1. Of the residues in the stretch 308-337, how many are without any contact (Cβ under 8 Å) to a residue 60 or more places away in the chain and acidic (Asp, Glu)?
2. Among the residues in the stretch 134-149, are any over 20 Å from Leu165 (Cα atoms) and of a type outside the set (A, V, I, L, M, F, W, C)?
3. I'm told Ser168 meets every condition in (1) more than 28 Å from Gln251 (Cα to Cα); (2) of a type outside the set (Asp, Glu); (3) under 23 Å from the mean Cα position of the chain (by Cα); (4) surrounded by fewer than 22 Cβ atoms within 10 Å (Cβ to Cβ) except one. Can you identify the failing condition by its number?
4. In the list Ala148, Ala160, which residue meets the criterion of being hydrophobic (A, V, I, L, M, F, W, C), surrounded by fewer than 21 Cβ atoms within 10 Å (Cβ to Cβ) and at pLDDT 95 or above?
5. Which of the residues that make up the stretch 271-299 are without any contact (Cβ under 8 Å) to a residue 12 or more places away in the chain and either crowded, with 16+ Cβ neighbours inside 10 Å or among the β-branched types (Val, Ile, Thr) (or both)?
6. Of all residues in the stretch 81-102, which are in a strand (DSSP E or B) and surrounded by 11 or more Cβ atoms within 10 Å (Cβ to Cβ)?
7. When the residues of the stretch 208-266 are filtered to those that are farther than 28 Å from Thr281 by Cβ and of a type in the set (Val, Ile, Thr), which remaining residue is surrounded by the fewest Cβ atoms within 10 Å (Cβ to Cβ)?
8. Within the stretch 170-229, which residues are of a type in the set (Asp, Glu) and over 15 Å from Phe259 (Cβ atoms)?
Amino acid sequence: MVVAVVVLAAGMAIWSRQRDPEPVTPVKPAPLAPLPPLEQLRAAIQSEAAAQQNPWVLAHAMLALGPDVQLGDRTARKALDGLLRRDDNGPYFDLMDAQGGLGEVHPHLVLKVLSDVAATDPLCQELLHRAIATFRRPNRFENWNDSAWFLEALHRLGVAKTQPLGTSGDTVATLFAGAHQQLLYAQRVVEALLQQPEFRRPQGNVPVDVGGVWSYTCGGQHLLQAQLLAARYAGTTERAQLLSVLQTFGQRLDAEYSFRVAERTRAVQSGVNPNSALLQTALSLLKLLGHALETLAYARDAGIGDPAKLEQQAHQTRARLLGVLEELTAKSDLRQLFPGARKRAPKDWLLWFGDGCHALHGLRLWE
């Protein structure tokens, strides 16, 4: 939008100096070559990552497409080096940039992604050492929310549960146990809602007493994923509790999917433009289903839950996700939808991009 205003102002200044300006015929962009839905999504993610290079974007792009994905004249991993900062404790990334734009957003996001896609990268080890040395015991909701990324990295990088964290007397085991209690507390809201005659998903921007797991990032799936993936830090009782949470998650997944479908139907019946309703529902389901494929894969990898049941749930979730993308791309090319959202609806763009990356990652985990 800023670029458009500058160009328009420059054009008006030129026209004001011309006595008889020639009529200008707008140049339409060349039509895009048709691509299948998943290829559209991959192309949109790669193009948008090249246009918006910050730690949050680059981390998500690496998760979806790998650290060596080419973004202009360099890879996503190389682009990170230009954003890296250092102090006496080692390397780090700003959570937000000096202008209030996106930085890493979540502490240890880059560490978590590198531990997944490039665990032997020297930067990964440096970030791990800094995270362990500077650890502070979580003392409020936001800290527990962010602990998910750290726990996942600790597991992937083989850190022992007896490893001390910071100087407060905490260890990896006590961090896992604390996050586990947060998950169980938030889970009570899910169980209560599933017992209602009609399931209605709460808003995410409410206190955890009201929103439960939905108060956490991405509907609490990151918190659950970290607990499942790092279940080797759990005791016998905690593993049994995680199995119970996972079983409830399967029920929640079906209920929340049905809720979003019914929500779209009600919106159209009330007069909402069908295309607008489709976009809103697709955005919600991209988050739910893409993250769910990751969650189910992490449960499988941790040996929690019946493998056949997890495979069945993943198959259904994959089919639903691909169905959403098929319907969406029948109306909009994602290579145009994503940049359009970036210019006109930046908050929606964050969801399209971030959840699109998790969807690609989740699908790959079940290939």
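1. Result for the stretch 308-337: 2.
2. Within the stretch 134-149, none of the residues are over 20 Å from Leu165 (Cα atoms) and of a type outside the set (A, V, I, L, M, F, W, C).
3. Among (1) more than 28 Å from Gln251 (Cα to Cα); (2) of a type outside the set (Asp, Glu); (3) under 23 Å from the mean Cα position of the chain (by Cα); (4) surrounded by fewer than 22 Cβ atoms within 10 Å (Cβ to Cβ), Ser168 violates only (3).
4. Only one candidate passes the filter, namely Ala160.
5. Val272
6. Once the filter is applied, which keeps residues that are in a strand (DSSP E or B) and surrounded by 11 or more Cβ atoms within 10 Å (Cβ to Cβ), the stretch 81-102 yields Gly90, Pro91, Tyr92, Met96, Leu102.
7. Among those that are farther than 28 Å from Thr281 by Cβ and of a type in the set (Val, Ile, Thr), it is Thr236.
8. Result: Asp170, Glu191, Asp209.
The values are calculated or read from the model by the stated rules, or taken from the named source; none is laboratory data. Worth saying up front: this structure is predicted, and the values here are computed from it rather than measured. Cβ coordinates were reconstructed from backbone atoms using ideal geometry, including for glycine residues, and neighbour counts include every protein chain displayed.
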